[in-house]
């Protein structure tokens, strides 16, 4: 239970930090709805019974029918208004909290190192932002509020019945609390494993179906199409079995509530009959007590669904909680000495969950306005060095001082948004003229102006609608919008044809005038614009050469030609 409490703590803290008043208002309105319903049923029973008895006696003429009638109408209005307000308040508060949860979770996954890990399993982020967040709506709507309201209703009913006889109210309250809360807890414990299995099964089913649809060509070529269909069928069978077990638990819980309700009402009927026989209460009061007891059982039925979803909710909380705490703002890198873009002194770095250093013993400096090419085989540490300089990868040992930098990665990350929206990621405050200047500098403005909607042209997922060269130029335009003194480029023209690559490099070189550049590459044309070349092998700098030296030309000749 301590683990569950630890997982739920940040969730609950965020719930009440974001919408405390709305959540409390929703709970209060829910309690008012239930209280008005209990009072309405009890008063109606009393009024009908009292009216019937008055009609059989001589007091019919003096019997006041107006005050009870007005009370019944008032309670009906209160119940209707409270129910409507409760629906609005609880759902508005829940949706607002879920939106805040998604934003907080997205920020958590954007922390240093987390985004890089997600590149290997992008579906995980989608499931966390959708299925897991949706599962957490049960925490407030189907667990916390119904439980609080049921307990409050039990206390109110016990007090009302206690006025008839203290032992009647006491035993009624104890039995209802123990049975009404005990049954959902037992059901939640029995359903927890199956709810978790169902959540895992649905996730596997979705993931495998997406793999089948997106990778059907590769699966067909590899002869794995039938195996993938079998895997989907297995996930569906696994999920169906979990659903069947949950349905059985729900059936048992429903039967249990029915049995408890029957026993409680039978006992209440016998109690009020005995009290009425001894003249301790009148017949109308006996009817009121019986109907109050009947109505007090109803709020516990709302816990049924919450009990079945508790396992799924706890699983979602366990998955989401570690990323909910907003990472404290990372301290900016220490500034280098005047005249330098960065300086590294015996720096070593490790990737997350890796015991093998990605970089070790790096000693390197770069002057302002200087251009450095970093070359080496795949896995030698080129991208890791750029990640270290950008602050994405922390230095575990040694020292690092650097000016603010912008990193252009190998992959062009474009989103299903307009061209303007994709550009605004780099500089949300950029004016229309600034955006067009960046597009022009990247050689993309003419293509954009030829589109029907210009800069507001929508793109598909991953930038669908643009060619590979256009996508790279759009990424280049975003780089130009980032006014930082250091640009870090990871194979900026990889995958482009020779003419496009040379044009991109020419524009990049012109826009970088006065800035410092670090280019990770294995292509001659990219390294040729550098003032120095550093060779990295096994995470270590093995050689540095400067333009004009024989070693510089020799190193260039080792690279892949244009």
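Mind checking the full-extension length gain between residue 464 and residue 440? Use 0.36 nm per residue of separation minus the Cα-Cα distance, one decimal, nm.
On the way: separation 24, 0.36 × 24 = 8.64 nm, distance 2.10 nm.
Taking 0.36 nm per residue and subtracting the Cα distance, the gain is 6.5 nm.
Restricting the calculation to alpha carbons of region 340-557 gives Rg and Dmax of 17.8, 54 angstrom.
Work out the FRET efficiency for residue 318 and residue 84 from their Cβ-Cβ distance, taking R0 = 30 Å, and round it to the nearest 0.05.
0.25
Rounded to 0.05, the FRET efficiency of the residue 558 and residue 236 pair, given R0 = 60 Å and the Cβ-Cβ distance, is 0.65.
Once the piece of chain linking residue 77 and residue 499 is laid out straight, how much longer is it, given 0.36 nm per residue of separation minus the C-alpha distance between them? All intermediate terms of the calculation are to be shown ahead of the outcome.
Values: separation 422, 0.36 × 422 = 151.92 nm, distance 7.63 nm.
Stretched out fully, the residue 77 to residue 499 stretch lengthens by 144.3 nm.
Temperature 37 °C, viscosity 0.692 mPa s: under these conditions the Stokes-Einstein estimate for region 420-503, based on its Kirkwood radius over C-alpha pairs, is 247 µm² per second. For residue 163 and residue 209, the difference between the fully extended length at 0.36 nm per residue and the C-alpha to C-alpha distance is 10.4 nm. For the chain, the longest principal axis of the C-alpha atoms and the axis of helix 2-55 are separated by about 20°.
Compared with the dominant principal axis of the Cα atoms in the chain, helix 303-324 is inclined by about 30°.
Remind me, relative contact order of region 398-523 in percent, using alpha carbon pairs under 8 angstrom and six or more residues apart? Normalised by residue count, the contact order of region 398-523 is 36 percent. Counting neighbouring beta carbons within 10 Å and listing from fewest to most, the residues 451, 511, 164 come out as 451, 511, 164.
Each Cα pair under 8 Å and six or more residues apart adds its sequence gap; the mean of these over the residue count of the chain is a relative contact order of 15 percent.
The distance between label points at residue 282 and residue 451 comes to 8.0 nm (points 7 Å beyond Cα on the Cα→Cβ vector).
Approximating the spin labels as points 7 Å out from Cα along Cα→Cβ, the residue 510-to-residue 543 distance works out to 3.4 nm.
Can you work out D for region 263-407 in µm² s⁻¹ from Stokes-Einstein, where Rh is the Kirkwood radius over C-alpha pairs, the temperature is 4 °C and the viscosity is 1.567 mPa s? Don't skip to the end; give the middle numbers.
Working: Rh = 21.9 Å.
Rounded to a whole number, D works out at 59 µm²/s.
For residue 229 and residue 92, the FRET efficiency from 1/(1 + (r/R0)^6), where r spans their Cβ atoms and R0 equals 41 Å, is about 0.45.
Averaged across orientations, what area in nm² does the convex hull of the alpha carbons in region 2-324 project?
Working: hull surface 82.5 nm².
Taking a quarter of the hull surface, the average projection is 20.6 nm².
When DSSP beta bridges are limited to those with both residues in region 340-557, what percentage is antiparallel, rounded to the nearest 5?
Here the share of antiparallel DSSP bridges comes out near 55 percent.
Placing pseudo-labels 7 Å out from each Cα toward the beta carbon at residue 352 and residue 269 gives an inter-label distance of 6.2 nm.
For the chain, report the translational diffusion coefficient in µm²/s to the nearest whole number, using Stokes-Einstein at 25 °C, 0.890 mPa s, and a Kirkwood Rh over Cα pairs. Intermediate values should be presented prior to the final figure.
Details: Rh = 29.5 Å.
Using the Kirkwood radius from Cα pairs, D works out to 83 µm²/s.
So how tilted is helix 498-511 from the main axis of the chain? Cα-based, degrees 0 to 90, rounded to 10. Roughly 80 degrees between the two axes. From the largest down, region 189-330 spans 87, 47, 20 angstrom on the principal axes of its Cα atoms. Compactness of region 141-212 is given as radius of gyration and Dmax, 19.9, 67 Å, from Cα positions.
Read-outs throughout are calculated quantities, based only on the coordinates presented, and are distinct from any laboratory measurement. Values in this document were obtained by computation on a predicted structure and should not be read as measured data. Glycine also receives a Cβ, built like all others from the backbone with ideal geometry; neighbour counts cover every protein chain displayed.
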